[in-house]
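The structure appears below as structure tokens.
Nothing in this text is a laboratory measurement; each read-out follows from the coordinates by a stated rule. In this text, all values refer to a predicted model and were calculated from it rather than measured experimentally. Methodologically, a virtual Cβ is constructed for each residue, glycine included, from the backbone with ideal geometry; neighbour enumeration extends over all protein chains shown.
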Amino acid sequence: MRQTAAALLQALARRDLAAASRILTDVLPVRLSPATVPYVLISPFVLLFLVFSLFPLVFSLYLAFHVWEPTDGLAAMTYVGIDNFRFALGDDWFWKSLGNTVWMALASGVPQHLVAIPLACFLNSGLGRGRDLAVGVFFLPYITSTVAIAILFSSLFSTDYGLINLALAHLHGIPLLGTLLPAQPVDWMGRPENIKPAISLIVFWRYLGFNVVLYLAALQTIPGDLYEAARMDGAGWFRQFWFITLPSLRPMLFFAVTLSVIGGLQLFEEPFILTGGKGGSDQAGMSTAIYLYRTAFDFNDFGAASAMSWLLFFLVAGLTYATNRAFRPRAGSQ
Amino acid sequence: MATRSSTSSSADRLAPLMAHLLVGVGGLLMLAPFWFMFVFATHSRTDIFSLPPPLWFGDASLGNLQILTSRLPFWRNLGLSLYVAAASTGFTLLFCSMGGYAFAMFEFRFKRALFALVMGTLLVPSFMNMIPTFMIMNALGWIDQPRALFIPGAANAFGVFLVRQFVIASIPRDLVEAARMDGCSELGIYWRIVLPLLRPALGTLGLITFIASWNNFIGPLIVMRSPEMYTLPLALRALQSPVDTEWGALMTGSAIATLPLLVLFMLSSRQLIAGLTSGAVK
Amino acid sequence: MSASPLRPARRAAGRLLAGLLTGQLAGQLAGQASRAAGLAGGAGGADDPPSGSPLIVAAFPAVDAIVREASGRWAARQAGVPLQIVSRQFNDHHTAMTTALSTASNLPDVMALEVGYVGRFALGHGLENLAAPAYGLDSERQRCVPYAMAQGTSPTGAQVAVPTDIGPGTLLYRHDLLERSGVDLAALTSTWEGFVGAGAQLKARTGALLLAHARDLKDILIRTGLAAGEGLYFNAQSEVLVQSPRFQRAFELARSVRRQGLDARVTAWSNDWSEGFRRGTIATQMSGAWLAGHLANWLAPQTAGRWRAAQLPEGAYAAYGGTFFAIPRALPAARKARAWALVRLLTFDRAQQLAAFRAHDAFPALRETYDDAFFAEPMPFLGGQPARLLWREAALRIQAPTVHKQDAFADEVINTELDKVMDQGKAIAPALADAARLLARRAHR
């Protein structure tokens, strides 16, 4: 058994799927019954999952009940009960960071979907040959390197010389529109009230294309005859969208919204690079994930960071569950 | 009824125009930072740090490339990144399609609990796993080994979730039942019927996995110890310090690092999105 | 396995888990099936140095380059022990060192540490005490700049790191702008109030701003006038010091700079910052000696000849950055001996220290280099001023404040309150009281 397993792993490491499936069919009964097949299908996944995902989870739970000076080694943990949780719940900055996170998750997440769905529909039906190019263009921010994004946006958002303020200054000259816009250059990354909108804008910019691709892939699976039939019945584009497209998108919508909830509440990379890893003036751009990171690696308090990550975990889990509930009635039945 | 259709027809002509315009402008905004990345790659760090930044190509790209290749084993890092991303994509597609299909189509013990657990791992901030992951890799002897980067990621909650949603949405149970009736083996059903139908989902997942692996830096940061074994993001980051960064070389490296993704996206978008309509839905 | 970690009292349960994993998984998976993965691995985590095994140095830019350039000297001393340099991004490096120390595995032989992290790592016990008899560092303490040596000392007196380069602080200022505005250098550098007053005149006559950020002024002021053994934010008993006159004055002066519009409100190493230097809109910058090199090389080369250096007002002396080398305690003895030989070369070798100074502006921590003629050489970027003499003087006068575990957090809290004072009109006393309350909550964690 051990040798077969080793041979299988080797075949997999070679990415030799033919050999792997040969080994599998040798070992397993050739005709699996429907009762055993799901276990076979999920076993590689579960094995890896147990080793590489569950252990870290358990470790961080263990850590949440301890005080630890990490450079002293693993033996240096001291049990402190729920002290870390008590500290986290009474910590001003933890709550502040949660507030920031929810703010930015909503401000960047909601528009993503409100724009991505119509955009995907439009690209799917309205562009014909230009579609590949258009999808590509919207997807580019997702593959642009974070280093480039950091430099770029810090120069775009620059107060005195940035292109954004330059554009605003020009627009200010236009009569009617100008009165709505600020007369002074905006200090984007220096003033607490501007940091969150700036970050949300970047998150929106970065993940819009990602969602478009998800929705586009889902739109492909809607049979064309459905629309055909609807058109025969005289349904306009809106009714087609409302009664065919949207219901068909439901599983993907669920998936994409769940990812946005999870990703939004774990928001880390964009505010991290834009505020130099610190969260900005008055911690206005400090998401909970950044605060966790800083608590562990900057303030050297791994126990409190673990406790906070579990509190965040429960929050995200709760919201994911709520999303799940909201989408359930139809999601499983198709 | 007639009036309504006539007004809507004039709106019908205006609306697409507006939509094209809107999408065009939006696209330009999307494109701008990408453009700057390539422009910056051709400038020295002194130019990059001027304001407003340079808008057109400069002539420092060779110098930047020279700095890059003298500071890093850049081409080897690039090759390793390709290898890891490809392996990661392969494993993820295989394992996640199996898992996702099982979660969507079968009933088995602990299914709900297991799925909840899988989703649960999506919710833990990844840097909280740094130290335990390091412990595991160390115990396995996988430090400095590429497999430490692509094996763990193959059990990917995101992938299982994506495939599960796709199977629910687009693979009719009747089809699987019918195949079973025809005497097709269970693995045969998975391999010959389910996988082909999953192509759009797998294409999306593959693309996302490849990109995630390509840009991943926390993973290599934990397990890679020698500069020859760094993947690109880690190698490029190694050029950065708070006070003395070769920004020009860094931008050149970033731009080169984006090219494979660009090519991949072009290839796959034609394959996935354009070719799909005919392939998947029949 | 999943139940035992929940049982709290076992201090060593972490070890146990790792042991379980080592015994079970490593045997089954790693041994048999893992050689298949193509590209062969690099150096494994050897515990004993077989002859010819490389000496691993973990560092960040530009320390990596300094070590690389030392390899010739190293080969002359220790033929047959090649140097392997593992370079990471600055933050990545320190995160990786934390991770390696926490599990005491895959450690480098020698690690470079930036001064901010030295204080933090010194609070644990992961680094070797180089004052132990085996190293004989105690008798050689005097060879390094005293404050830097003190920074490498833990609260219990262990010497956990040896300084290699330091950042003696001075004021860099635009000589041409000062002349144009008619401000006297003495007026600029006598007192801090005079400094701010000179800034107002400077702005009125030339339009140039005194500082990149008002925060810089606060930073230096809270670092001056410390009693011996006093920390920046906490005393030895972890009592919070931020409501002292030191902080009052720092906040008042920073606020006055902001109210008069004398700062550019840009953070260091941003585009606006370097652009400000190039366009001459920022007239002074307090910083370590190394900034002159960066200005000359790439930040603002076009301003060559217009800058000068001066000692800070009121005889303030402060350090801006610095690099140390340390050896992990968990290394086997034989590897420690080799590592120590390299650390000695990098820190106690006159020729090596001077070479790094010339090539990378790494100001030496080793005092016996200070009689070298290089110090008196005129610096073209600073209009021919022999500014290294100033930095040398500053280096010998700096005092190191005592480090506290929560310094990084305190730094952040104080900056936040200062922003509120400057931007939102919060009064100073309640701002400092709020900071004190937050810090008191953390002081004993």
If I take the Cα coordinates of chain C and project them onto the principal axes, what are the three extents in Å, biggest first? 77, 54, 46
Given springs between every Cα pair under 10 Å in a Gaussian network model of chain A, which of A:A289, A:A11, A:A307 has the largest fluctuation? A:A11
In bins 5 Å wide, starting from 0, what share of all Cα pairs of chain B does each bin hold, as a percent? 1, 5, 9, 11, 13, 12, 12, 11, 9, 7, 5, 3, 2, 1, 0, 0
Distance cut-off 26 Å, Cα to Cα: go down the list A:K96/C:K405; A:K278/C:K426; A:K96/C:K420; A:K96/B:K111 and report the pairs above it. A:K96/B:K111
For segment C:203-263, list log₁₀ I(q)/I(0) at each q in 0.14, 0.15, 0.28 Å⁻¹, using the Debye formula over Cα point scatterers of equal strength and ignoring solvent, two decimals each. -0.46, -0.51, -1.11
Here P(r) for segment C:158-268, Cα-Cα distances in 5 Å bins, as whole percents, is 2, 10, 18, 19, 17, 13, 10, 6, 3, 1, 0
Rh by Kirkwood over Cα pairs, then Stokes-Einstein D for segment A:85-331 at 1.002 mPa s and 20 °C, µm²/s: 105 µm²/s
Under Karplus coefficients 6.51, -1.76 and 1.60, residue-wise ³J(HN,Hα) of segment C:430-445 in Hz, glycine/proline x: x, 5, 5, 5, 4, 4, 4, 5, 4, 6, 4, 5, 9, 3, 9, 6
Distant-in-sequence amide H partners of C:M379 (H built 1.01 Å from N, under 5 Å): C:G384, C:Q385, C:A387
In nm, to one decimal, how far is the modelled label at A:L315 from the one at C:E239, with both set 7 Å along Cα→Cβ? 3.7 nm
If amide H atoms are modeled at 1.01 Å from N in the peptide plane, then the residues at a separation of 5 or more from C:L55, or on another chain, having amide H under 5 Å from its own are C:L83, C:Q84
Treating only the Cα positions of segment B:73-238 as identical point scatterers, give the base-10 log of I(q)/I(0) from the Debye formula at each q in 0.21 Å⁻¹. -1.31
Residue exposure sequence - C:S102, A:S248 - by fewest surrounding Cβ within 10 Å: A:S248, C:S102
With chain A treated as a Gaussian network of Cα nodes joined by springs under 10 Å, which of A:F297, A:F55, A:F313 yields the largest mean-square fluctuation? A:F55
Chain C: most fluctuating residue of C:P380, C:P82, C:P133 per GNM, C-alpha cutoff 10 Å: C:P133
Kirkwood Rh, Cα Rg: Rg to Rh for the protein assembly as shown? 0.98
HN-Hα J couplings of segment A:214-225 from phi, Karplus 6.51/-1.76/1.60, θ = phi - 60°, integer Hz, Gly and Pro as x? 4, 5, 4, 4, 6, 4, 4, 8, 7, x, x, 5
Karplus 3J(HN,Hα) series, Hz, for segment A:269-285 with 6.51 cos²θ - 1.76 cosθ + 1.60 (x for Gly, Pro): 4, 5, x, 5, 6, 7, 10, x, x, 10, x, x, 4, 6, 6, 5, x
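Please work out the ratio of the alpha-carbon Rg of segment A:164-272 to 2.2 N^0.38 Å and round it to two decimals. Intermediate values should be presented prior to the final figure.
On the way: Rg = 20.6 Å, N = 109, 2.2 N^0.38 = 13.1 Å.
The reported ratio for this selection is 1.58.
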Fewest to most neighbouring Cβ within 10 Å: what's the order for A:T78, A:T258? A:T78, A:T258
Between C:C144 and residues 5 or more places away or on another chain, which pairs have amide H atoms under 5 Å apart, with H built 1.01 Å from N, and which residues are they? C:R367
Determine, for each peptide in C:288-300, B:157-169, the mean count of other beta carbons within 10 angstrom over its residues, then list the peptides with the highest first. B:157-169, C:288-300
